[in-house]
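Peer 1: Here it is, the structure, as structure tokens.
The values are calculated or read from the model by the stated rules, or taken from the named source; none is laboratory data. No experiment lies behind these values; they were computed from the predicted model shown. Cβ sites come from the backbone with ideal geometry, for glycine too, and all protein chains shown count toward neighbours. For the accessible areas, the whole protein counts, side chains as well, though only heavy atoms, and no ligand, DNA or RNA atoms are used. Shrake-Rupley method; radii C 1.70, N 1.55, O 1.52, S 1.80 Å.
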Amino acid sequence: MGKINLHANRFSQPARSVELFLKVNNIPYEFHPIDVPKGDNRTESFLKINPTGTVPALVDDEFSLFESVAMIQYLAKKYSTPDHWYPKEIRARARINEYLAWHHFNTRTNGATGYFIALFIKPRYLKIEVSDEEVQEAKEKFEKMLDAFESYYLKGTEFISSNTMSIADIMALNELTQLVAIGIEPGKDRPKIADWYERCKQALQPHFDDVHTDIFSLRK
Amino acid sequence: MSSIDFYGHLASQPCRAVQLFMKANNIPFNFHLIDLTKGEQTKEDFQKVNPMGKVPAIKDGDFCLAEGIAIVQYLAAKYSTPDHWYPKDAAAKARVNEYLNWHHSNTRGGATGVFFNAVILHQIRKQPRNEAAIKEAKGKLTVALDLFENYFVKDRLFIGGSEICIADLFAVCEFTQLDQIGIDVGKNRANVKAWKDRVSAQLGAHFVEAHEVIINFAKSANFAPEPFE
């Protein structure tokens, strides 16, 4: 099998998730950096492999794909990765798919990414003014999401809906590390989430540290 | 095999998609109406099925599951439905998964964003129109429709290729919601129009049946048309 081509940068939560999955499963890949501020994601060649212009994009020989979850699902199948990542048994798989569907709007858009946009992307990167109300609203949505995450997805289990780690945990983890990078600790006052975070982080070392050097440099 | 217990309301886009999948595949189910307008999602019985209180949800024996897309992925596997619905081949499946993941923030983010703000919040709950939110949702919808036109259904009959798949069900039900407020997604986009007509034709009587509730609701509640493009 040839190498997987991952077009990405490590500031992107979903890009880190795909890269972590590749690394932890020893799937050979080539990393093609996509610098968004420079417009690498808007070039004709990039838009050919990913018409949405988003990061990451994956190219496997002639086959190109966007959406990180779809990429990871594809890699899990193609490389027959250990079953716990994306279990074959239909009920276990359904539990993971249930989280993955919930993830996009809840953990991400209306949760952690929404909060990151209000705290960092808009003021520091886009230089758009953000009102206190907007930040407060984003914070409340984020907290509400963590409440639901903790009470439903971590209810009685060590990982999301399961006692073994899966791709759901990788996706969720990277949304939270984005906030850790700017000094927001989701595990503060939430021991269940703090424990889950540490458990996932340790399971992914040393790759976790590798993929997080860029985003964690924001802490300095 | 015993029936699936299906909890939902057909005014809901993903509920319609789940029902369409079950009907098209002759999957036996018992429909339990959860009337969202009456707050029935908070009732104890339903909370036992889905503590998050959202529809659609299913109960298959002792197994409860929420999230429309996860439900349909589960049913496709359990009932070994024809391969085109959710192909086994890694690349073909990835093509469907690509859409299914993109759907939430893009098709649904845009379409439901418009519908929720213009109809649910403003017309039904009588809150003032949140023009900023509506504008943002319309922007998302435009981008989503352009990608449909230029990518998802440009060189393909259906999102997954030459035959209908589960992605088409979730997409079309977002767009039929917009039909109720006079937004025709195929108006300025020939590929989208052809695809939408193709999907409804493929689903035939099931499509008509699944949409009776939302059509009647739109009429009785007198949904105002929403300008778009």
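Peer 1: Would you work out which of B:HIS9, B:GLY39, B:ALA57 lies farthest towards the positive end of the dipole of the range B:4-81? Charges go on Cβ: Lys and Arg +1, Asp and Glu -1.
Peer 2: Farthest towards the positive pole: B:HIS9.
Peer 1: Here's another thing I want to ask about it. What net charge is computed for the residues neighbouring A:ALA181, neighbours being all others with C-beta under 10 Å from the C-beta of A:ALA181, Lys and Arg scored +1, Asp and Glu -1?
Peer 2: Net charge around A:ALA181: 0.
Peer 1: Of the DSSP beta bridges with both residues in the protein assembly as shown, give the percent that are antiparallel, rounding to the nearest 5.
Peer 2: 60 percent
Peer 1: How long is the gain from B:ASN130 to B:ALA190 if the chain were fully straight, where each residue apart is worth 0.36 nm and the alpha carbon distance is subtracted?
Peer 2: Gain on stretching B:ASN130 to B:ALA190: 18.5 nm.
Peer 1: Take B:SER2 and B:LYS219, extend 7 Å from each Cα along the Cα→Cβ direction, and tell me the distance between the two endpoints in nm.
Peer 2: With each label placed 7 Å out from Cα toward Cβ, I get 3.8 nm.
Peer 1: Could you give the dipole magnitude of chain A about its Cα centre, charging the beta-carbon of Lys and Arg +1 and that of Asp and Glu -1, in debye to the nearest 20?
Peer 2: Magnitude of the dipole: close to 200 debye.
Peer 1: Can I ask one more? What are the residues whose amide H is under 5 Å from the amide H of A:ARG10, where those residues sit 5 or more places off or on another chain and H is modelled from the backbone?
Peer 2: Amide H neighbours of A:ARG10, under 5 Å, 5+ apart: none.
Peer 1: May I ask for the accessible area buried between chains B and A, both sides summed, probe 1.4 Å, to the nearest 100 Å²?
Peer 2: Accessible area lost upon association: around 2500 Å².
Peer 1: Moving on. How high is the relative contact order of chain B, given as a whole-number percent (alpha carbon pairs under 8 Å, six or more residues apart)?
Peer 2: 21 percent
Peer 1: All other residues with a Cβ under 14 Å from the Cβ of A:GLU133 taken together, and with Lys, Arg as +1 and Asp, Glu as -1, what is their net charge?
Peer 2: Around A:GLU133, the surrounding residues sum to -2.
Peer 1: Just going by the charge dipole of the range A:85-219, with Lys and Arg at +1 and Asp and Glu at -1 on Cβ, which of A:THR157, A:ILE193, A:ILE90 is farthest out on the positive end?
Peer 2: Of the candidates, A:ILE90 comes out farthest on the positive side.
Peer 1: Separate question: Shielding by partners for B:61-72, please: the mean number of other protein chain Cβ atoms within 10 Å of each residue's Cβ.
Peer 2: Per residue, the average neighbour count from other chains is 4.
Peer 1: May I ask you to evaluate 6.51 cos²θ - 1.76 cosθ + 1.60, the Karplus curve with θ = phi - 60°, for each residue of the range A:189-195 and list the ³J(HN,Hα) values in order in whole Hz, giving x for glycine and proline?
Peer 2: With coefficients 6.51, -1.76 and 1.60, one gets 6, 9, x, 4, 5, 4, 5 Hz.
Peer 1: For the range A:57-75, which residues drop by 30 square angstrom or more in accessible area between the chain on its own and all protein chains together (1.4 Å probe)?
Peer 2: By number: A:PHE63, A:LEU65, A:PHE66, A:GLU67, A:ALA70, A:GLN73, A:TYR74.
Peer 1: Here's another thing I want to ask about it. Grab the other residues whose beta carbon is less than 13 angstrom from that of A:ALA101, score K and R as +1, D and E as -1, and report the net.
Peer 2: For residues surrounding A:ALA101, the net value is +2.
Peer 1: Hey, another quick one. From the phi angles alone, apply the Karplus equation (6.51, -1.76, 1.60; θ = phi - 60°) to the range B:141-149 and give each ³J(HN,Hα) in whole Hz, x where the residue is Gly or Pro.
Peer 2: 5, 4, 4, 4, 5, 4, 5, 4, 4
Peer 1: So for the range B:49-137, averaging the separation of alpha carbon pairs under 8 Å that are six or more residues apart and normalising by length, what relative contact order in percent results?
Peer 2: It rounds to 15 percent for the range B:49-137.
Peer 1: Continuing with the same structure: Could you size up the charge dipole of the protein assembly as shown around its Cα centre, putting +1 on the beta carbon of Lys and Arg and -1 on that of Asp and Glu, and report it in debye to the nearest 20?
Peer 2: 180 debye
Peer 1: When DSSP assigns beta bridges and you keep just the ones with both residues in chain B, what percent turn out antiparallel, to the nearest 5?
Peer 2: Counting DSSP beta bridges with both partners in chain B, the antiparallel share is about 60 percent.
Peer 1: Largest first, how would B:LYS48, B:LYS43 line up by accessible area (1.4 Å probe)?
Peer 2: Final ranking, largest accessible area leading: B:LYS48, B:LYS43.
Peer 1: In square angstrom, what is the accessible area per residue of the protein assembly as shown with a 1.4 angstrom probe?
Peer 2: On a per-residue basis, the protein assembly as shown sits at 44 Å².
Peer 1: Okay, moving on. When the dipole is taken about the Cα centre of the range B:1-126, and only Lys, Arg (+1) and Asp, Glu (-1) are charged at their Cβ, what size is it in debye, to the nearest 20?
Peer 2: Here the size comes out at about 340 debye.
Peer 1: So, one more: Mind grabbing the accessible area of B:GLU163 for me, 1.4 Å probe, Å², rounded to tens?
Peer 2: 100 Å²
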